[in-house]
1. What is the one condition in (1) of a type in the set (Gly, Ala, Ser); (2) surrounded by fewer than 23 Cβ atoms within 10 Å (Cβ to Cβ); (3) under 20 Å from Met263 (Cβ atoms) that Ala124 does not satisfy?
2. Out of the residues in segment 117-134 that are in contact (Cβ under 8 Å) with a residue 60 or more places away in the chain and within 10 Å of the chain's Cα centre (by Cα), which is nearest to Val78 (Cα to Cα)?
3. For segment 1-107, which strands (runs of 3 or more DSSP E) that fit wholly inside it have 1 or more residues that are without any contact (Cβ under 8 Å) to a residue 60 or more places away in the chain?
4. Do we have Val90 as over 12 Å from the mean Cα position of the chain (by Cα), under 24 Å from Gly180 (Cα atoms), at pLDDT 95 or above and not aromatic (Phe, Trp, Tyr) here?
5. So if I check each of Ala141, Ala124, Ala194, which one is touching a helix residue (DSSP H, G or I) at 6+ places or on another chain (Cβ under 9 Å) and assigned by TED's automatic domain parsing to the domain that holds Ala213?
6. Among the candidates Gln230, Gln162, Gln267, which residue alone is more than 30 Å from Ala141 (Cβ to Cβ) and among the polar types (S, T, N, Q)?
7. Do we have Gly161 as on the phi > 0 side of the Ramachandran plot and buried (at least 17 other Cβ atoms within 10 Å of the Cβ) here?
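The values are calculated or read from the model by the stated rules, or taken from the named source; none is laboratory data. Because the structure is a prediction, the values reported are computed rather than measured. Note: ideal-geometry Cβ built from the backbone for every residue, glycine included; neighbour counts use all protein chains shown.
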Amino acid sequence: MNPSPDTPLDLPLAFIGGGNMASALIGGLLRQGLPPDRIEVVEPFEPARAALQQDFGLAPQPAAGPQLAHARLVVWAVKPQTFAAAAAQVRPHAPADALHLSVAAGITTDSIARWLGSQAIVRAMPNTPALVGQGMTGLFARAEVGEAGRELVEQVLRPTGQTLWVEREELLDAVTALSGSGPAYVFLFLEAMARAGVEMGLEPTDAQQLAIATFQGAAALAARSDDAPQLLRQRVTSPGGTTHAAITHLQEAGVPEHFIAAMHAAQRRARELATEFGG
């Protein structure tokens, strides 16, 4: 399947699942000018349907049906453990030539192809900053998708932030460990930094503001610099100074090694999800 590279602003889309990630994508598409009546959503939970109707003026349906017949792109925003059952309901109604985009963690394109009877599949690993347009999404496309299909997916995802294509699907497990789960690592460090600030006498709101602004500024500096993070760290770590004392403590405690080991654990879990729910 090789869809034409037309703009998504007048493209019939269907979302299977209407949670946070679907809402981020839908909001971005509407901001691009896609009319709400070009978006179909299947969402079994009534509170989520009500939120989509209130926030975006959509008319979500509790189950798949003929409303999916014209979808050019089907976005799968379901939990891994429910994907197979959802696919069984959608398959009779989705067009045979539709492009499928999955944001379900761990579910391989082989499993999706078997469940849907389609080879035109792109698998994505987004992260939660997509909700504020600052996300990072790793992408893998089966060969049948073609360049036009890739371009279409990029257009749909553009409002959520950056995208990165990988050429081997197994690399999405590494993407999951690095950027997919990555926001939680940042939140953990923010939590620890703010708590330390309170222990040192700062007000909680002040400590949190300092921690968040520090992460924002450091990330912006790294993004704009041609230098590696290691060199940037060394430049602010004067021998015998306060930063040197902190970094030395972290290194002696094995924090970098433990952090790397934790990311390998996330990668292993991503592989396990494919075995558990891939059917």
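1. For Ala124, the failing item is (2).
2. Pro126
3. 39-42, 99-102
4. Here the answer is no, as Val90 does not meet what is asked.
5. Ala194
6. Matching residue, one of Gln230, Gln162, Gln267: Gln230.
7. yes
Here is a yes/no grid of residues against (1) part of a helix (DSSP H, G or I); (2) under 29 Å from the mean Cα position of the chain (by Cα); (3) within 22 Å of Gly161 (Cα to Cα):
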site	(1), (2), (3)
Phe187	yes, yes, yes
Ala196	yes, no, no
Leu202	no, no, no
Gln230	yes, yes, no
Ala266	yes, yes, no
Glu272	yes, yes, no
